[in-house]
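A.B. asks: Can you read through this structure? Questions will come right after.
Computed from the coordinates by the stated procedures, all read-outs in this text should not be read as laboratory data. Worth saying up front: this structure is predicted, and the values here are computed from it rather than measured. Cβ: placed from backbone, ideal geometry, glycine included. Neighbour counts: every protein chain shown.
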Amino acid sequence: DNRQPARLTHGRDSPKGKDAKGTTMTSWIGSLGLLILRVGFGGMLAIGHGLPKMQNFQQFKDMADPMHFLAAPYAAMALVGAELVCAALVAVGLMTRLVSIPVAYAMGVAALVAHQVHPTFTGPEPGPSKELALLYMIVFTAIIFTGPGRFSLDALFFGRRRSVETTV
């Protein structure tokens, strides 16, 4: 068998467009985009939705689980965990792919079950809609697939993955 392993040459392995440290500008800019996405959406969800739910937990704890998996106080704790803890971990880029899963799931349940009677988009009349939950679900689902990028605690603690090698 004369087949040799071939390196895939895209991203940071590309010979073109490297800076003085050997980093491609596209991977640097892509990681900057992921940082903005993670901090923006993770921070907004944690501060704007998770933190108020935790601060008002006594009023919120009787919320019923729309999927009927958990009893009311446990469903509320799971939602606060997803919206506050997991979203904050995504914002700093720690265990990013793993903690994006409960957030995307919670937002999917919010959009498709809890807001099922509401319109998809906010119309001229203010009121509840599926729109915000769907936006969060789309972003956190994308982060599951893309990962945190190089500007994250995951990259700092666990390093970046090496290039893919395959047999041609």
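A.B. asks: Quick one: net charge of Ala78's neighbours, Cβ under 12 Å, K/R +1, D/E -1? Write out the running numbers ahead of the final one.
C.D. replies: Details: positive: Lys53, Lys61; negative: Asp65, Glu83.
Overall, the nearby charge balance is 0.
A.B. asks: When every alpha-carbon pair in the range 104-150 is counted, what percent end up more than 11 Å apart?
C.D. replies: Working: 701 of 1081 pairs.
In whole percent, the long-distance tail amounts to 65.
A.B. asks: Loop-only chymotrypsin sites (Phe, Trp or Tyr not before Pro) in the range 75-168, please: DSSP not H, G, I, E or B, and at most 13 other Cβ atoms within 10 Å. Please report the intermediate quantities before stating the final value.
C.D. replies: Working: sites: Tyr105, Phe121, Tyr136, Phe140, Phe145, Phe151, Phe157, Phe158; in loops: Phe121, Phe151.
The qualifying sites are Phe121.
A.B. asks: Using a cut-off of 15 Å between beta-carbons, work out the net charge of the residues near Val139 (Lys and Arg +1, Asp and Glu -1, Val139 not included).
C.D. replies: Numbers: positive: Arg38, Arg97, Lys130; negative: Glu83, Glu131.
Net charge around Val139: +1.
A.B. asks: Among 94-100, 78-84, how do they line up from the highest to the lowest mean number of other beta-carbon atoms within 10 Å?
C.D. replies: Details: 94-100: 19.3, 78-84: 21.1.
Descending mean neighbour count gives 78-84, 94-100.
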